[in-house]
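Structure, as structure tokens:
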Amino acid sequence: MHLLAFAESIQLFPDGTLFIHVGLILLMIWVLNRTLYRPLNRIMETRDKSRGGYASEAEAILADVEAKEAQYSREMLDSRAKGYELIEKEQKKAAAAREQKLAEAKAEAAGKLDAGKAELEGQAAEAKSAIGEDAKKLADSIAASILKS
């Protein structure tokens, strides 16, 4: 029941206390700047100066290193791409040369095969004519021996 008592005092529309709250917040920020933030910022600046201000120099060096590393990576990718293109081009040349040699070998083998077939046909024709002559001689000798008897 205690909560219901406080519920009656809740206002939905701001009144003059809003300006008091905003003023208190601004006063608190001003006091904190004077007492806490400015002395801390001065201490950090003197610490940076006592180091010789090398922090900003180190950051510049790191930024330069990152830029050079990015450039190196880009150049490496470009070089790899060019290398792959060159390898592919050489492989195509080698494949074309291989195909040409293969075609030449096939043509040479076909020529030798045709020459071999022609020679074989010539030998077969000679053998047929020789067999035919031998058959005639044998037939003549058989006929002569039959007639003699």
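Table for the structure above
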| item | result |
| --- | --- |
| Which listed residue, of Lys82, Lys106, Lys117, is open to solvent by 60 Å² or more (accessible area, probe 1.4 Å), under 34 Å from the mean Cα position of the chain (by Cα) and at pLDDT 90 or above | Lys82 |
| Output for segment 120-133, where each listed residue is open to solvent by 60 Å² or more (accessible area, probe 1.4 Å) and either modelled with pLDDT under 90 or of a type in the set (A, V, I, L, M) (or both) | Leu120, Ile131 |
| Pair list, Cβ under 7 Å, 6 or more apart: segment 45-71 residue of a type in the set (A, V, I, L, M, F, W, C), other residue surrounded by 10 or more Cβ atoms within 10 Å (Cβ to Cβ) and modelled with pLDDT under 80 | Ala55/Asp48 |
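Per-residue answers, yes or no, for (1) surrounded by 10 or more Cβ atoms within 10 Å (Cβ to Cβ); (2) out of contact with any Gly (no Cβ under 9 Å at 6 or more places or on another chain); (3) of a type outside the set (D, E, K, R):
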| site | (1), (2), (3) |
| --- | --- |
| Thr17 | no, yes, yes |
| Asn33 | yes, yes, yes |
| Tyr37 | yes, yes, yes |
| Glu45 | yes, yes, no |
| Asp48 | yes, yes, no |
| Ser56 | no, yes, yes |
| Glu59 | yes, yes, no |
| Lys68 | yes, yes, no |
| Arg74 | yes, yes, no |
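The values are calculated or read from the model by the stated rules, or taken from the named source; none is laboratory data. Small disclaimer: the values here were computed from a predicted structure and weren't measured. Heads up, the Cβs are rebuilt from the backbone with ideal geometry, glycines too, and the neighbour counts pull from every protein chain shown. Ligands, DNA and RNA are excluded from the accessible area calculation, which covers all protein heavy atoms including side chains. Shrake-Rupley method; radii C 1.70, N 1.55, O 1.52, S 1.80 Å.
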